[in-house]
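Student: One structure, as structure tokens, below. Some questions next.
Values in this text are rule-based calculations from the coordinates and carry no lab data. This structure is a prediction, so every number in the text was calculated from the model and none was measured. Cβ sites come from the backbone with ideal geometry, for glycine too, and all protein chains shown count toward neighbours.
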């Protein structure tokens with residue numbers, strides 16, 4: 001259940017986009033109901049991403065072993081973690097979280113270095129870390145955009 005992010009990885013087409021969207025929707029709901037200051041929201045988002053990453057690496061190792069596939073397309077927990085990383089500097093203003101979503105999806109698809117090299121690694125670590133890199137790229141640009149707007 002964790003690897004597919006509660007079934008989002010079984011949605012078609014584009015399970016990675018569905019996983020990112022599920023992570024975004026959960027973040028939006030939490031941000032709406034928690035009524036946190038921006039700095040508190042950023043901290044909570046970073047903790048949520050880190051905790052999920054630490055749980056996701058061993059979960060993905062199990063899925064790789066059980067499925068026999070190196071990076072099964074139904075595993076979208078990596079997209080959720082990467083999306084949450086991209087959302088760390090985001091605010092609840094639509095331009096901000098939408099920019100985080102779009103940038104993360106672009107970086108996840110294009111995989112600029114070192115994301116491409118991390119994607120070639122084996123097991124749960126490789127599955128998760130290329131999306132962490134894509135999330136960091138998106139996070140940096142969302143942060144910069146927030147400084148200018």
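Student: Within the range 23-35, track down each residue that is surrounded by fewer than 21 Cβ atoms within 10 Å (Cβ to Cβ) and within 12 Å of residue 5 (Cα to Cα).
Tutor: 26
Student: Going through the range 111-122 one residue at a time, which ones are touching a residue at least 40 places away in the same chain (Cβ under 8 Å) and either assigned to a helix (DSSP H, G or I) or within 10 Å of residue 142 (Cβ to Cβ) (or both)? Steps first, answer last, please.
Tutor: Just the residues of the range 111-122 that are touching a residue at least 40 places away in the same chain (Cβ under 8 Å), to begin with: 119, 122.
Listed by number, the list holds a single entry, 119.
Student: Would you mention how many residues in the range 1-46 are without any contact (Cβ under 8 Å) to a residue 60 or more places away in the chain and over 13 Å from the mean Cα position of the chain (by Cα)?
Tutor: Final tally of qualifying residues: 21.
Student: Right, here's the next one. For the range 52-61, give me each residue that is in contact (Cβ under 8 Å) with a residue 40 or more places away in the chain and touching a helix residue (DSSP H, G or I) at 6+ places or on another chain (Cβ under 8 Å).
Tutor: Matches in the range 52-61: 53, 56, 57, 58, 59, 60, 61.
Student: Here's a follow-up. Would you say residue 67 is under 24 Å from residue 92 (Cβ atoms), out of contact with any strand residue (DSSP E or B) (no Cβ under 9 Å at 6 or more places or on another chain) and surrounded by fewer than 21 Cβ atoms within 10 Å (Cβ to Cβ)? Before the answer, list the steps.
Tutor: Working: under 24 Å from residue 92 (Cβ atoms): no; out of contact with any strand residue (DSSP E or B) (no Cβ under 9 Å at 6 or more places or on another chain): yes; surrounded by fewer than 21 Cβ atoms within 10 Å (Cβ to Cβ): yes.
When the stated conditions are applied, residue 67 does not pass them.
Student: Additional query: Kindly establish whether residue 2 is part of a helix (DSSP H, G or I), at negative phi, surrounded by 14 or more Cβ atoms within 10 Å (Cβ to Cβ) and out of contact with any strand residue (DSSP E or B) (no Cβ under 8 Å at 6 or more places or on another chain).
Tutor: Taking the combined requirement at face value, the residue does not satisfy it.
Student: Please give the number of the condition residue 93 fails out of (1) under 20 Å from residue 40 (Cα atoms); (2) touching a helix residue (DSSP H, G or I) at 6+ places or on another chain (Cβ under 8 Å); (3) without any contact (Cβ under 8 Å) to a residue 40 or more places away in the chain.
Tutor: (2)
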